[in-house]
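Enquirer: One structure, as structure tokens, below. Some questions next.
The values are calculated or read from the model by the stated rules, or taken from the named source; none is laboratory data. This is a predicted model, so every value here is computed, not measured. Note: ideal-geometry Cβ built from the backbone for every residue, glycine included; neighbour counts use all protein chains shown.
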Amino acid sequence: MTRPLLHAQRGIAATTPDTLSSAGAPGAEQARHYPRRSAVMADIGQIMAPLDATILGTRSLADAQRLLEHSDAAVVLNLSYRPIGLITRADLAAVQDQDPQGWSKKRCACLVRQSDQPVQRRMSIRELLVNSAHDPKRPLLVLDQDEPAGILFPEAISAWRAEAQPISGEPMKGSTQSPMKSRVR
């Protein structure tokens, strides 16, 4: 993003970076209030998995089971081919346990959870973790506007957390000192 500087000569502009600068980095006089590290703002699109399978909501769960033999989750589409949610192998196993005789004749749309809200591809991962009330054990459907873009699996979020938020006492990635020593006492 480029914006003109206030009280500057015409033609001079400032750009905002995608990273937070550290106090020891070039241009540190403008960034002294930031901690001694560089943190890239990651969005969901960077850690999501590509779409493997889609299925119409009117198809039977037997069809979904054949489809999920090769995929962990499938995007369920309505008759207008718009995504309405996800179904997983665990969802199918739960229905098989509840109704061993008639599960295969049910439709895929009956397994879509209304509580599973899709997320946008450009949403930051931190925003998802702070503002979302998602089930941390379920994958999430990722949209790019209204189109399905991918699936965000819980394992990908856990891996990102492990890299971005170290265990207390360990130095942050790119930092030279321990966060325990940088606290004001």
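Enquirer: Residue check: is residue 113 basic (Lys, Arg) and either in contact with a strand residue (DSSP E or B) (Cβ under 6 Å, 6 or more places away or on another chain) or more than 27 Å from residue 92 (Cβ to Cβ) (or both)?
Expert: Values: basic (Lys, Arg): yes; either in contact with a strand residue (DSSP E or B) (Cβ under 6 Å, 6 or more places away or on another chain) or more than 27 Å from residue 92 (Cβ to Cβ) (or both): no.
When the stated conditions are applied, residue 113 does not pass them.
Enquirer: Yes or no: residue 98 polar (S, T, N, Q), more than 14 Å from residue 151 (Cβ to Cβ) and touching a Gly at 6+ places or on another chain (Cβ under 9 Å)?
Expert: no
Enquirer: Now, a different point. For the stretch 107-125, give me each residue that is free of Cβ contacts under 8 Å to residues at least 60 places away in the same chain and either within 21 Å of residue 42 (Cβ to Cβ) or not hydroxyl-bearing (Ser, Thr, Tyr) (or both).
Expert: In the first step, residues of the stretch 107-125 are kept if they are free of Cβ contacts under 8 Å to residues at least 60 places away in the same chain; the result is 107-118.
Listed by number, the residues that qualify are 107, 108, 109, 110, 111, 112, 113, 114, 116, 117, 118.
Enquirer: Looking at 163, 170, which is the one that is at pLDDT below 85, among the charged types (D, E, K, R), over 13 Å from the mean Cα position of the chain (by Cα) and not in a loop (DSSP other than H, G, I, E, B)?
Expert: 163 is the lone residue from the list that is at pLDDT below 85, among the charged types (D, E, K, R), over 13 Å from the mean Cα position of the chain (by Cα) and not in a loop (DSSP other than H, G, I, E, B).
Enquirer: A further question on this structure: Within the stretch 1-104, considering only strands (runs of 3 or more DSSP E) that don't extend past its boundaries, which have at least 3 residues that are at pLDDT 90 or above? Explain how you work it out, then say what you get.
Expert: Numbers: elements: 2-4, 13-15, 54-56, 73-77, 83-88.
Correct list: 54-56, 73-77, 83-88.
Enquirer: Filter the stretch 127-160 down to residues that are in a loop (DSSP other than H, G, I, E, B) and of a type in the set (Asp, Glu) and give me whichever is modelled with the highest pLDDT.
Expert: Keep residues of the stretch 127-160 that are in a loop (DSSP other than H, G, I, E, B), which gives 132-139, 145-146, 153.
With of a type in the set (Asp, Glu) added as a condition, the list becomes 135, 146.
Details: 135: 79, 146: 87.
The extreme case among them is 146.
Enquirer: Right, here's the next one. Of all residues in the stretch 88-108 being aliphatic (A, V, I, L, M) and in contact with a Lys or Arg (Cβ under 9 Å, 6 or more places away or on another chain), which is surrounded by the most Cβ atoms within 10 Å (Cβ to Cβ)?
Expert: Going through the qualifying residues, I end up with 95.
Enquirer: Name the pairs whose Cβ atoms lie under 6 Å apart, with the first residue in the stretch 62-73 and over 16 Å from residue 86 (Cβ atoms), the second buried (at least 16 other Cβ atoms within 10 Å of the Cβ), and 6 or more positions between them or separate chains?
Expert: Listed by first residue and then by second, the contacts come to 62/104.
Enquirer: Can you confirm whether residue 117 is modelled with pLDDT of 90 or more and not in a helix (DSSP H, G or I)?
Expert: So residue 117 does not fit the description; no.
Enquirer: Can you say whether residue 124 is within 23 Å of residue 155 (Cα to Cα), under 12 Å from the mean Cα position of the chain (by Cα) and among the hydroxyl-bearing types (Ser, Thr, Tyr), as far as the supplied structure shows?
Expert: yes
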